[in-house]
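To start, the structure itself, in C-alpha coordinates.
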Amino acid sequence: MARIFSLISGMLLVITLGGCTVKYSASGASIDPEAKTVNVRFIENRAPQNNPTLSQKVTDKLRMKILSQTRLTQTNEANADYEFKGNITGYSVSNAAVTQIDKPATARLTITVNITFVKRVGDKKGYTQSFSRSQDFNANQTLPEVESGLIESITPQLIDDIFNRAFANW
(Lines give C-alpha, C1' and ligand atoms only; values in the text may rest on other atoms or scores of the structure.)
Protein backbone atom coordinates (compact mmCIF):
# COMPACT_ATOMS: atom_id res chain seq x y z
CA MET A 1 0.00 0.00 0.00
CA ALA A 2 2.81 2.42 0.91
CA ARG A 3 4.55 1.49 -2.35
CA ILE A 4 1.46 2.40 -4.42
CA PHE A 5 1.09 5.67 -2.52
CA SER A 6 4.72 6.67 -3.17
CA LEU A 7 4.38 5.66 -6.85
CA ILE A 8 1.24 7.79 -7.28
CA SER A 9 2.85 10.69 -5.38
CA GLY A 10 5.93 10.47 -7.60
CA MET A 11 3.83 10.46 -10.77
CA LEU A 12 1.81 13.47 -9.59
CA LEU A 13 5.03 15.32 -8.78
CA VAL A 14 6.45 14.60 -12.25
CA ILE A 15 3.23 15.67 -13.96
CA THR A 16 3.00 18.86 -11.88
CA LEU A 17 6.62 19.89 -12.38
CA GLY A 18 6.60 18.83 -16.03
CA GLY A 19 4.11 21.56 -16.84
CA CYS A 20 6.31 24.30 -15.40
CA THR A 21 8.86 26.12 -17.49
CA VAL A 22 11.53 28.38 -16.13
CA LYS A 23 13.90 30.29 -18.36
CA TYR A 24 17.45 30.24 -17.02
CA SER A 25 20.70 30.88 -18.77
CA ALA A 26 24.31 31.33 -17.74
CA SER A 27 24.27 34.89 -19.11
CA GLY A 28 21.15 35.90 -17.20
CA ALA A 29 19.33 36.42 -20.49
CA SER A 30 15.58 35.98 -20.43
CA ILE A 31 14.41 34.76 -23.83
CA ASP A 32 10.92 33.64 -24.75
CA PRO A 33 10.86 29.87 -25.37
CA GLU A 34 9.22 30.47 -28.78
CA ALA A 35 12.02 32.77 -29.97
CA LYS A 36 14.49 31.15 -32.35
CA THR A 37 15.86 33.93 -34.57
CA VAL A 38 17.31 37.41 -34.27
CA ASN A 39 18.04 39.98 -36.94
CA VAL A 40 20.74 42.48 -35.95
CA ARG A 41 20.61 45.01 -38.75
CA PHE A 42 23.62 47.11 -39.70
CA ILE A 43 23.89 50.01 -37.27
CA GLU A 44 24.51 53.06 -39.43
CA ASN A 45 26.75 55.94 -38.39
CA ARG A 46 24.76 59.16 -38.62
CA ALA A 47 26.82 61.19 -36.16
CA PRO A 48 28.08 64.54 -37.48
CA GLN A 49 31.62 63.51 -36.46
CA ASN A 50 32.43 59.85 -36.83
CA ASN A 51 34.90 57.05 -37.05
CA PRO A 52 34.56 55.09 -40.31
CA THR A 53 34.96 51.67 -38.63
CA LEU A 54 32.60 52.26 -35.69
CA SER A 55 29.37 51.10 -37.38
CA GLN A 56 30.85 47.75 -38.33
CA LYS A 57 32.39 47.26 -34.88
CA VAL A 58 29.15 48.00 -33.02
CA THR A 59 27.10 45.79 -35.34
CA ASP A 60 29.56 42.87 -35.17
CA LYS A 61 30.00 43.05 -31.40
CA LEU A 62 26.23 43.13 -30.82
CA ARG A 63 25.75 40.11 -33.10
CA MET A 64 28.58 38.20 -31.40
CA LYS A 65 27.26 38.94 -27.91
CA ILE A 66 23.74 37.78 -28.77
CA LEU A 67 24.90 34.65 -30.60
CA SER A 68 27.39 33.67 -27.89
CA GLN A 69 25.12 34.31 -24.90
CA THR A 70 21.74 33.17 -26.20
CA ARG A 71 20.39 30.25 -28.20
CA LEU A 72 19.14 32.58 -30.96
CA THR A 73 20.41 32.28 -34.53
CA GLN A 74 21.15 35.25 -36.77
CA THR A 75 18.92 35.71 -39.79
CA ASN A 76 18.48 38.51 -42.30
CA GLU A 77 14.74 37.92 -42.60
CA ALA A 78 12.49 40.88 -41.86
CA ASN A 79 10.18 38.78 -39.67
CA ALA A 80 12.78 37.47 -37.20
CA ASP A 81 11.52 36.79 -33.69
CA TYR A 82 13.75 39.59 -32.33
CA GLU A 83 15.14 42.50 -34.30
CA PHE A 84 17.71 45.18 -33.47
CA LYS A 85 18.10 48.26 -35.65
CA GLY A 86 19.63 51.60 -34.95
CA ASN A 87 22.03 54.42 -35.62
CA ILE A 88 25.11 55.93 -34.08
CA THR A 89 23.83 59.43 -33.36
CA GLY A 90 26.68 60.91 -31.38
CA TYR A 91 30.47 60.82 -31.53
CA SER A 92 31.97 63.79 -29.74
CA VAL A 93 35.01 64.97 -27.83
CA SER A 94 34.63 67.40 -24.94
CA ASN A 95 36.68 68.71 -22.04
CA ALA A 96 36.24 66.62 -18.91
CA ALA A 97 38.50 68.57 -16.53
CA VAL A 98 40.47 71.78 -16.71
CA THR A 99 43.58 72.99 -14.89
CA GLN A 100 43.88 76.21 -12.90
CA ILE A 101 44.95 78.10 -16.01
CA ASP A 102 41.86 77.10 -18.02
CA LYS A 103 43.72 74.53 -20.04
CA PRO A 104 42.06 71.12 -20.53
CA ALA A 105 43.65 68.38 -18.44
CA THR A 106 41.30 65.61 -19.45
CA ALA A 107 39.19 65.14 -22.56
CA ARG A 108 36.25 62.79 -23.04
CA LEU A 109 35.06 60.79 -26.04
CA THR A 110 31.32 60.11 -25.91
CA ILE A 111 29.53 57.69 -28.24
CA THR A 112 25.73 57.59 -28.43
CA VAL A 113 23.73 54.84 -30.14
CA ASN A 114 19.96 54.90 -30.68
CA ILE A 115 18.52 51.34 -30.77
CA THR A 116 15.07 50.01 -31.59
CA PHE A 117 14.44 46.48 -30.30
CA VAL A 118 11.42 44.70 -31.80
CA LYS A 119 9.93 41.54 -30.25
CA ARG A 120 7.55 39.52 -32.40
CA VAL A 121 7.00 36.72 -29.86
CA GLY A 122 5.99 36.58 -26.21
CA ASP A 123 4.94 39.82 -24.57
CA LYS A 124 6.05 41.79 -27.68
CA LYS A 125 7.39 44.60 -25.49
CA GLY A 126 10.30 46.09 -27.38
CA TYR A 127 11.92 49.46 -26.87
CA THR A 128 13.52 52.45 -28.55
CA GLN A 129 16.27 53.98 -26.47
CA SER A 130 19.51 55.93 -26.70
CA PHE A 131 22.58 54.45 -25.06
CA SER A 132 25.59 56.62 -24.33
CA ARG A 133 29.02 55.79 -22.93
CA SER A 134 32.16 57.89 -22.45
CA GLN A 135 35.84 57.39 -21.81
CA ASP A 136 38.30 60.03 -20.60
CA PHE A 137 41.80 60.53 -21.96
CA ASN A 138 44.73 62.88 -21.37
CA ALA A 139 44.08 66.17 -23.15
CA ASN A 140 47.75 66.36 -24.12
CA GLN A 141 47.04 63.53 -26.55
CA THR A 142 45.17 63.94 -29.80
CA LEU A 143 42.09 61.91 -30.61
CA PRO A 144 43.79 59.97 -33.43
CA GLU A 145 46.48 58.86 -30.94
CA VAL A 146 43.99 57.29 -28.53
CA GLU A 147 40.86 56.76 -30.64
CA SER A 148 41.14 53.02 -31.34
CA GLY A 149 41.79 52.21 -27.67
CA LEU A 150 38.88 54.38 -26.56
CA ILE A 151 36.53 52.71 -29.04
CA GLU A 152 37.68 49.27 -27.85
CA SER A 153 36.86 50.35 -24.29
CA ILE A 154 33.52 52.07 -24.95
CA THR A 155 31.97 49.60 -27.43
CA PRO A 156 31.66 46.61 -25.02
CA GLN A 157 29.97 48.85 -22.46
CA LEU A 158 27.42 50.02 -25.03
CA ILE A 159 26.81 46.44 -26.19
CA ASP A 160 26.28 45.27 -22.60
CA ASP A 161 23.76 48.07 -22.03
CA ILE A 162 21.82 47.19 -25.21
CA PHE A 163 21.90 43.44 -24.47
CA ASN A 164 20.85 43.87 -20.83
CA ARG A 165 17.98 46.18 -21.74
CA ALA A 166 16.68 43.62 -24.25
CA PHE A 167 17.27 40.35 -22.41
CA ALA A 168 17.97 40.92 -18.73
CA ASN A 169 14.78 42.88 -17.98
CA TRP A 170 16.72 45.67 -16.23
Notebook entry, point to check: (1) of a type outside the set (Asp, Glu); (2) farther than 19 Å from residue 30 by Cα; (3) touching a Leu at 6+ places or on another chain (Cβ under 8 Å): which one isn't true of residue 86, the others all being true?
Noted result: (3)
Notebook entry, point to check: In the range 52-66, what residues are of a type outside the set (Asp, Glu), free of Cβ contacts under 8 Å to residues at least 24 places away in the same chain and either within 16 Å of residue 157 (Cα to Cα) or in a helix (DSSP H, G or I) (or both)?
Noted result: 56, 59, 63, 64
Notebook entry, point to check: What number of residues in the range 138-167 are modelled with pLDDT under 95, in contact with a Ser or Thr (Cβ under 8 Å, 6 or more places away or on another chain) and either under 14 Å from residue 107 (Cα atoms) or among the β-branched types (Val, Ile, Thr) (or both)?
Noted result: 2
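The values are calculated or read from the model by the stated rules, or taken from the named source; none is laboratory data. Keep in mind that what you see is a predicted model, and the values were worked out from it rather than measured. Reconstructed Cβ throughout: ideal geometry from the backbone, glycine too, with neighbour counts over all protein chains shown.
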